[in-house]
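K.L.:
Provided herewith is a single structure, encoded as structure tokens, for subsequent inquiry.
Every read-out reported here was derived from the displayed coordinates using simple, explicitly stated rules and does not represent laboratory data. From a predicted model like this one, the values you see are computed outputs, not experimental measurements. Don't worry about glycine lacking a Cβ; one is built from the backbone with ideal geometry, like all the others, and counts go over all protein chains shown.
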Amino acid sequence: MTKSVLGIIGGSGIYDLPGLENVREQHIASPWGEPSAALRIGEIAGLPVVFLSRHDKGHRLSPSDINYRANIDVLKRAGVTDLVSLSACGSFKEELPPGTFVLVDQFVDRTQGRASSFFGKGCVAHVSMAHPVSPRLRIHLAEAARAEDIDIVRDGTYVCMEGPQFSSYAESMTYKQLGYSVIGMTNMPEAKLAREAEICYATVAMVTDFDCWHPDHDAVTVQDIIKVLIDNAGRAKKLVARLARDFPREHEPCPIGSDRALDSALITAPEARDPELLKKLDAVAGRVLKG
């Protein structure tokens with residue numbers, strides 16, 4: 001059995017993870033460039049936990065400037081088996097007001113120009129994204145929230161826009177009418193890359209505002225959002241601490257195959273694969289390439 005290593009990506013408002021014990025900061029080199037920040041590696045209740053600040057301390061990086069490939073690559077190199085994304089977002093539903101936590105189960109990618117795959121010319125692979133979220137990881141998050149009396153909503157679709165600007169009214173109304181639940185700027189291509197790296201992935205979407213479709217939120221400001229971010233961050237840290245305390249110490253095989261996504265994904269013949277690209281794929285795809 002593989003030992004569980006819980007990864008946490010902290011989004012807006014979450015630049016550290018209090019409660020980590022025996023912490024060390026580690027800079028891991030990635031062939032995909034510079035990750036957002038050094039990893040903070042430690043444990044909670046004896047469970048190995050790896051924390052990465054998505055925007056870095058001080059919120060140095062915009063959503064479009066994040067090196068998502070490097071982030072997922074270094075988390076894979078650190079041994080992460082299960083990855084939780086803590087992400088601020090806007091809401092399209094009255095029943096998901098600011099302060100609500102949503103365990104999304106689907107994503108829509110509306111980003112532009114971001115590197116969204118580790119694979120490409122020289123080694124092509126096609127992983128399934130039909131069900132982008134690991135169901136068991138979502139169950140553990142829901143149970144942790146219940147244990148901490150944190151209201152959390154099961155299911156919902158997260159649409160990822162490019163940003164860094166907020167939505168136009170027309171965009172906001174379109175996404176609302178399509179039935180999407182929340183909107184953010186960071187979970188794509190993050191979820192796609194986690195799947196390629198065979199890391200089980202789940203998002204806790206933390207609502208900060210109603211987006212501009214709502215008559216009371218037609219001019220969303222950073223100042224308004226920060227007030228909610230602070231409260232959300234405190235509850236998110238409680239959620240993570242409980243999740244880690246109760247998390248299985250042995251990695252549970254994913255029922256939808258998130259942790260074996262590359263089993264039948266590689267399509268390029270071995271003799272046609274680019275050796276230089278294969279070197280860069282050593283962590284992400286080493287399991288299948290060595291075989």
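K.L.:
Roughly what % of DSSP beta bridges within the chain run antiparallel, to the nearest 5? Please list the in-between numbers first.
P.N.:
Values: 17 of 47 bridges.
Counting only bridges with both partners in the chain, antiparallel ones make up about 35 percent.
K.L.:
Here's a follow-up. Hey, can you list the DSSP H helices of the chain whose Cα span along the axis is 30 Å or longer and whose average Kyte-Doolittle score is at least 0.0?
P.N.:
Long hydrophobic helices here: 222-246.
K.L.:
Fewest to most neighbouring Cβ within 10 Å: what's the order for Met129, Met1, Met185?
P.N.:
By the 10 Å Cβ count, ascending: Met1, Met129, Met185.
K.L.:
Among rounded, prolate and oblate, which fits the stretch 15-132 when a ≥ b ≥ c are the square roots of the eigenvalues of its C-alpha gyration tensor, a/c under 1.5 means rounded, and a/b larger than b/c means prolate? Mind showing how you got there, number by number?
P.N.:
Working: a/c = 1.56, a/b = 1.04, b/c = 1.50.
The shape class here is oblate.
K.L.:
For Lys57, list the lysines whose Cα falls under 21 Å from its own Cα; do not include residues on the same chain fewer than 8 positions away.
P.N.:
Lys227, Lys237, Lys238
K.L.:
For the chain, build the charge dipole from Cβ charges (+1 Lys, Arg; -1 Asp, Glu) around the Cα centre, then report which of Cys123, Ala142, Phe210 sits farthest towards its positive end.
P.N.:
My answer, from the dipole projection, is Cys123.
K.L.:
Treating the beta-carbon of each Lys and Arg as +1 and of each Asp and Glu as -1, no other charges, what is the dipole magnitude of the stretch 6-290 about its Cα centre, to the nearest 20 debye?
P.N.:
680
K.L.:
Let me ask something else. Counting helices only, and only those DSSP H runs with n ≥ 4, report the 222 nm mean residue ellipticity of the chain as the sum of -39,500 (n - 2.57) divided by its residues, in deg cm²/dmol to the nearest 500.
P.N.:
Rounded to the nearest 500, the figure is -8000 deg cm²/dmol.
K.L.:
Pop the C-beta distance of Ala147 and Ala45 into the FRET formula with R0 = 22 Å and round what comes out to the nearest 0.05.
P.N.:
So, using R0 = 22 Å, E works out to roughly 0.95.
K.L.:
Positive end of the dipole of the chain, charges at C-beta (+1 Lys, Arg; -1 Asp, Glu), about the Cα centre: which of Leu178, Gly58, His27 has its Cα farthest in that direction?
P.N.:
His27
K.L.:
Going Cα to Cα from Lys121, which lysines come in below 20 Å? Please leave out same-chain ones fewer than 8 positions away.
P.N.:
Cross-link targets: Lys192, Lys279, Lys280, Lys290.
K.L.:
Between Glu250 and Arg154, with labels modelled 7 Å along Cα→Cβ, what's the label distance in nm to one decimal, could you check?
P.N.:
Label-label distance for Glu250 and Arg154, simple model: 2.6 nm.
K.L.:
On a C-alpha basis, how far is the centre of the stretch 199-264 from the centre of the stretch 1-73 in Å? Whole number, if you could?
P.N.:
Using only Cα atoms to place each centre, the spacing works out to 15 Å.
K.L.:
Roughly how many nanometres apart are two label points built 7 Å out from the Cα toward the Cβ at Glu271 and Thr174?
P.N.:
4.7
K.L.:
Continuing with the same structure: How would you classify the stretch 116-187 from its alpha-carbon gyration tensor, with a ≥ b ≥ c the square roots of the eigenvalues: rounded for a/c under 1.5, else prolate if a/b is greater than b/c, otherwise oblate?
P.N.:
Because a/c hits 1.5 or more and a/b fails to exceed b/c, the stretch 116-187 counts as oblate.
K.L.:
When the C-alpha atoms of the stretch 6-290 are aligned to their principal axes, what extent does each axis show, in angstrom, from largest down?
P.N.:
If we take the Cα atoms of the stretch 6-290, the spans are 59, 43, 35 Å.
K.L.:
Could you give the dipole magnitude of the stretch 129-209 about its Cα centre, charging the beta-carbon of Lys and Arg +1 and that of Asp and Glu -1, in debye to the nearest 20?
P.N.:
240
K.L.:
Also, I was wondering about something else. Spin-label point model (7 Å from Cα, Cβ direction): what's the Gln106 to Glu34 distance in nm?
P.N.:
Taking the simple label geometry, Gln106 and Glu34 are separated by 3.9 nm.
K.L.:
Once amide H atoms are placed 1.01 Å from N in the peptide plane, what residues at a sequence separation of 5 or more from Phe247, or on another chain, have their amide H within under 5 Å of its amide H?
P.N.:
Those qualifying (amide H under 5 Å, at least 5 residues apart or on another chain) number zero.
K.L.:
Give the residue from Phe101, Leu229, Asn67 lying farthest towards the positive end of the charge dipole for the chain; charges sit on Cβ (+1 for Lys and Arg, -1 for Asp and Glu) and the dipole is referred to the Cα centre.
P.N.:
Toward the positive end, the furthest listed residue is Asn67.
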